[in-house]
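Any read-out appearing in this document is the output of simple, stated calculations on the displayed coordinates, not a laboratory observation. Since the model is a prediction, treat every value here as computed from it, not as a measurement. As a convention, Cβ positions derive from the backbone with ideal geometry for all residues, glycine included, and neighbour counts pool all protein chains shown.
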Amino acid sequence: MNRSFRFAVVRLAVAAAFVAIPLALAPGAVFAAQAPAAQAPAGQTAPAGAPPEHRSFPAPTNLQVLPKDMTGEQVHAIMEQWEGQLGSGCRACHAVDKTNVGPNGRPRLNFADDSKEEKQTARLMYKMTEKINTDYVSMVPNSGQSVTCGTCHRGHLGPEEYIPPKREEHGAPPAAPAAPPAQGR
């Protein structure tokens, strides 16, 4: 083997090790990211297996479509559902407050601010889904499912256009596949 080829093989092996080691550790790393350990006060250690610290959320202000008596935890839970159903984050609807910087050095969001058009659209869409559920879905016997943001958005901030599958001649549904031939015994 010539020297440059051997060097290339060694470099490839080292690169593969740098890829393989993190991949082998990934399941534990992902698990750790999903369930961080509780943080103890400075100078103390949290007991092993301790549940994560309870996070508190400030009382909401400027609620216009959600019930005004909701707690910060309740509003936060709804917002997390909407984020998932829309495939977005808080900044999609909430304005950044550059004058309020968090401990990480990043500006916090001003949740009460109404300056973003997306927040107004979210309120309108919430009213729409409530009306659909109250005036229509509730009238369907045994419907059992309500309309949510995810009904249309399916994880996309802008809902994707639905394109029905092509039908065969004159709008007839496609023919069912032929049954496989029976095999002799």
Looking at the stretch 66-156, which chymotrypsin sites (Phe, Trp or Tyr not before Pro) are in a loop (DSSP not H, G, I, E or B) and have at most 16 other Cβ atoms within 10 Å? Y136
Which of E161, E168, E83 comes first, and how do the rest follow, when ranked by fewest Cβ neighbours within 10 Å? E161, E168, E83
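Please give the contour-minus-distance gain from R123 to R108: 0.36 nm per residue of separation, less the Cα-Cα distance, rounded to one decimal in nm.
Working: separation 15, 0.36 × 15 = 5.40 nm, distance 2.16 nm.
Gain on extension, R123 to R108, equals 3.2 nm.
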Explain nothing, just compute: Karplus ³J(HN,Hα) = 6.51 cos²θ - 1.76 cosθ + 1.60, θ = phi - 60°, for every residue of the stretch 132-145 in order, whole Hz, x for Gly and Pro. 4, 5, 6, 8, 10, 4, 5, 7, 8, x, 6, 5, x, 10
Quick one: which residues, 5+ away or cross-chain, put their amide H under 5 Å from the amide H of R108? H built at 1.01 Å from N. D97, N100, V101, G102
Sequence of L66, L109 once ranked by neighbouring C-beta atoms within 10 Å, starting from the fewest: L66, L109
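What list do you get for S56, S146 if you sort them by fewest beta carbons within 10 Å? Show your work: numbers first, answer last.
Details: S56 9, S146 13.
Exposure proxy ranking, most exposed first: S56, S146.
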Residue-wise HN-Hα coupling along the stretch 72-89, computed from phi with Karplus coefficients 6.51, -1.76, 1.60 (Hz; x: Gly, Pro): x, 5, 5, 5, 4, 4, 5, 4, 5, 4, 4, 4, x, 5, 9, x, 9, x
Length gain on complete extension for the stretch S115 to Y162, per 0.36 nm per residue less the alpha carbon to alpha carbon distance? 13.8 nm
Taking amide H positions as placed 1.01 Å from N in the peptide plane, with prolines and chain starts having none, which residues 5 or more places from F57, or on another chain, fall under 5 Å of its amide H? E73
Whole-angstrom Cα spans of the stretch 103-165 along principal axes, big to small: 52, 31, 22
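To the nearest 0.05, how large is the calculated FRET efficiency for V96 and M139 if R₀ is 35 Å and r is the Cβ-Cβ distance? List each step's numbers first, then the result.
Working: r = 42 Å, r/R0 = 1.21.
Efficiency, rounded to the nearest 0.05: 0.25.
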Using Cα positions and a limit of under 13 Å, work out the aspartates and glutamates in reach of K119, with same-chain residues fewer than 8 apart set aside. E83
